[in-house]
Every structure is written in structure tokens, then in C-alpha cells.
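*Asks:* If you scroll down you'll find the structure; I have some questions about it.
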């Protein structure tokens with residue numbers, strides 16, 4: 001579905017990513033691991049088209065989309081749940097979800113709301129509540145739900161467990177696995193292998209902008225510990 005080949009990217013004159021190759025297919029949950037500053041968020045933004053690559057190729061179902069705009073990539077079916085949630089705190093839960101479906105027809109929007117409420121029943125309970133009054137875990141559910149409103153085929157989730165209690169993380173991980181089992185492709189970022197051990201099919205470890213490991217999640221532990229301890 002998605003393939004990155006020797007992709008490099010950065011900000012202005014600052015290089016951040018070097019020769020990154022990565023693949024994800026339908027129904028796969030792929031963990032993207034690495035210490036702070038490894039380039040994980042930059043990689044997700046490059047996949048979405050917010051950061052433009054300096055070299056390499058990005059393909060979607062065999063078609064080159066390296067220079068496609070972010071809006072065009074969303075239309076193809078790629079969405080991002082950003083680090084820190086980035087919800088609209090003064091809007092209601094429903095209004096936040098509708099923002100994720102901007103430009104979609106009403107019937108499609110209604111159907112996607114139902115899908116989101118099926119996945120996260122708590123959002124239905126909080127539908128008219130101001131988003132800023134939600135707990136951290138509920139805000140993460142809302143951010144993921146908003147990313148599902150555009151009917152994506154690939155969801156990029158940045159820092160799934162950041163600042164959340166273990167019980168909430170367990171619930172979110174279970175939901176992410178359910179998304180994969182339903183046929184959605186997911187790339188999920190976290191700093192810890194253990195968080196995603198019951199969720200991810202495969203793992204990549206990124207460190208200092210370079211891909212240091214690609215393979216089974218179990219094998220990522222040692223590489224990640226070395227990266228964090230470096």
C-alpha cells in the first residue's frame with residue numbers, strides 16, 4: 001500500500017531523515033519506535049506531505065506521490081493523529097469530529113460519526129461536551145476518532161501513550177489492533193516496545209534520523225535500548 005524508498009527530509013537547511021525505507025500494507029499495524037529527537041514525527045509529517053522530501057520516493061499503491069500535496073494525500077486515504085492530540089478544546093466532541101470530515105458530504109459524515117462512536121462509545125457519551133474538559137485518555141480517543149472521519153485507509157498515530165495512565169493505554173492499544181483487524185493500515189509511534197507488544201505486527205526503530213531496525217517487534221527491544229542509552 002505505502003512504500004518509502006531511500007527517503008530523506010528536513011526543515012530548511014536542517015537535515016532530519018536520511019535514506020528511510022519503510023512499507024505498510026492493508027490491515028498491518030506497524031510500530032515506529034525510537035528515542036526523543038529520532039525523527040519519528042518528521043517521518044509521519046513527510047508521509048502526510050506536510051514536510052517535503054529532499055530525496056527518495058514515496059509510493060501509494062504503486063503510484064508515485066512524492067511531490068503530492070497534503071490535501072491530495074488525505075483524499076487518497078492518509079490521515080494523521082498528531083502528537084499531543086491537538087484537539088480544538090473550546091469546541092464540542094462532535095464539532096471536533098466533524099472538523100476531521102471537512103469537505104465530505106453529509107451522508108458520509110453521518111456514517112463516519114457512527115463508525116467513530118462504535119469504536120469509541122465514550123465519545124458518544126461526551127458528544128456535546130467541550131473537548132477541553134475531557135480526560136487525557138478521552139482526548140486521545142477524540143484525536144484518533146477525528147483522524148478516522150476522513151475515511152482513511154492508512155492512519156498515522158503519533159505518540160499513542162504519551163502522558164496516559166496504563167489502563168487507558170491498554171484500551172487504546174486494543175482499539176488500534178481492532179482497526180488493523182478491520183483492514184485499516186496503521187503506523188503508530190511510541191517510545192516503548194512494551195506498549196505495543198499486543199498490537200503491532202512489525203516494528204521499525206529510528207535513531208538520529210536513520211532506520212536502525214526493521215523486523216519483528218520482539219527484536220526491536222535491544223536496538224531501542226541501545227538508542228535510548230546512547
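*Asks:* Which residue, 14, 98, 154, has the most motion in a Gaussian network model of the chain that connects Cα atoms within less than 10 Å?
*Replies:* 14
*Asks:* Something else: Subtracting the Cα-Cα distance from 0.36 nm times the residue separation, let me have the gained length for residue 69 to residue 3 in nm, one decimal.
*Replies:* Values: separation 66, 0.36 × 66 = 23.76 nm, distance 1.69 nm.
Going from the current span to full extension adds 22.1 nm.
*Asks:* So how much slack lies between residue 226 and residue 99, counting 0.36 nm per residue of separation and subtracting their Cα-Cα distance, in nm?
*Replies:* Values: separation 127, 0.36 × 127 = 45.72 nm, distance 4.06 nm.
Gain on stretching residue 226 to residue 99: 41.7 nm.
*Asks:* Averaging sequence separations of C-alpha pairs under 8 Å and six or more residues apart, then dividing by the length of the chain, give the relative contact order as a whole percent.
*Replies:* Over the chain, the number comes to 29 percent.
*Asks:* Same structure again: Give the percent of DSSP beta bridges with both residues in the chain that are antiparallel, rounded to the nearest 5.
*Replies:* Antiparallel: roughly 55 percent of the beta bridges in the chain.
*Asks:* So for segment 112-230, averaging the separation of alpha carbon pairs under 8 Å that are six or more residues apart and normalising by length, what relative contact order in percent results?
*Replies:* Reported as a whole number, the value is 18 percent.
*Asks:* Another question, then. Report, in degrees rounded to the nearest 10, the 0 to 90 angle that the Cα long axis of helix 220-229 makes with the longest principal axis of the chain.
*Replies:* Helix 220-229 and the main axis of the chain meet at about 80 degrees.
*Asks:* Still on this structure: To the nearest 500 deg cm²/dmol, what mean residue ellipticity at 222 nm is calculated for the chain from DSSP H runs of n ≥ 4 alone, each contributing -39,500 (n - 2.57), summed and divided by the residues?
*Replies:* Only helices count here, giving -10500 deg cm²/dmol.
*Asks:* On a C-alpha basis, how far is the centre of segment 132-146 from the centre of segment 153-207 in Å? Whole number, if you could?
*Replies:* When both Cα centres are located, 16 Å separates them.
*Asks:* While we're looking at this one, here's another question. List, largest first, the extents of the alpha carbons of segment 87-151 along their principal axes, each in whole Å.
*Replies:* 30, 21, 17
*Asks:* Among 11, 204, 213, determine the one that fluctuates most according to a GNM of the chain built with springs between C-alpha atoms less than 10 Å apart.
*Replies:* 11
*Asks:* With angles folded into 0 to 90 degrees, how steeply does helix 166-181 sit against the dominant principal axis of the chain? Use alpha carbons for both and round to 10.
*Replies:* In the chain, helix 166-181 runs at an angle near 80 degrees to the longest axis.
*Asks:* Could you work out which residue, out of 196, 48, 91, moves most in a Gaussian network model of the chain, that is, has the largest mean-square fluctuation with Cα springs under 10 Å?
*Replies:* Checking each option, the largest mean-square fluctuation is seen for 91.
*Asks:* Output the 0 to 90 degree angle, nearest 10, between the alpha-carbon long axis of helix 136-148 and the longest principal axis computed from the alpha carbons of the chain.
*Replies:* 80 degrees
*Asks:* Calculate, axis by axis, the spread of Cα positions in segment 148-210 along the three principal axes, and write the results as whole Å, longest axis first.
*Replies:* The Cα atoms of segment 148-210 stretch 32, 30, 20 Å along the principal axes, largest first.
Laboratory data are not the source of any read-out in this text; all were calculated from the coordinates shown. Owing to the predicted nature of the structure, the values given are computational and were not obtained by experimental measurement.
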